[in-house]
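The structure appears below as structure tokens.
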Amino acid sequence: MFFYHIENIDKSITISQDVKFRESVIFISNYAPVSVNSIMNYSRTYPFVVYKRDREQWIKWYEENKCKNIQLKTSLIIPDAYQYVKE
């Protein structure tokens, strides 16, 4: 599931940061660090350069935690950057 969401972000980051994209960012942000302050820009988009840096941290986080029986959360916390985004 973790890599499904990373793949979705990979495919959409430069094309369309739509609802599915935001859902993937929200999912990842509940497990690994996401630079949400960078998303708090005028257009509420995830800058590509910041994403590439964050992606490295996600993979690192996963490698460090994969043997700790990671449990999927039943509810996700929505970062402030996406709190008031209209669909």
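What the table below lists for this structure:
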item	result
Within the chain, longest stretch free of exposed trypsin sites (Lys or Arg not before Pro) [DSSP loop, at most 16 other beta carbons within 10 Å]	1-43
Folded to 0 to 90 degrees: helix 2-12 orientation relative to the chain principal axis, Cα	30 degrees
Per residue solvent-accessible surface (Å²) - the chain, probe of 1.4 Å	68 Å²
Using alpha-carbon coordinates, inclination of helix 19-29 to the longest axis of the chain, degrees	40 degrees
Cβ charges +1 (Lys, Arg) and -1 (Asp, Glu), total dipole of the chain, debye	40 debye
In region 35-76, the chymotrypsin sites (Phe, Trp or Tyr not before Pro) that fall in loop regions by DSSP, at most 12 other Cβ within 10 Å	Tyr42
In degrees, nearest ten, helix 48-65 long axis to first principal axis of the chain (Cα)	20 degrees
Distance between region 1-35 and region 45-65 - C-alpha centres, whole angstrom	10 Å
Relative contact order of the chain, defined on C-alpha pairs under 8 angstrom at six or more residues apart (%)	33 percent
Estimated [θ] at 222 nm from DSSP helical runs (n ≥ 4, -39500 (n - 2.57)) normalised by residues in the chain, nearest 500	-15500 deg cm²/dmol
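The values are calculated or read from the model by the stated rules, or taken from the named source; none is laboratory data. Owing to the predicted nature of the structure, the values given are computational and were not obtained by experimental measurement. Please note: Cβ atoms are built from the backbone with ideal geometry, for glycine as well, and neighbour counts cover all protein chains shown. Ligands, DNA and RNA are excluded from the accessible area calculation, which covers all protein heavy atoms including side chains. Shrake-Rupley method; radii C 1.70, N 1.55, O 1.52, S 1.80 Å.
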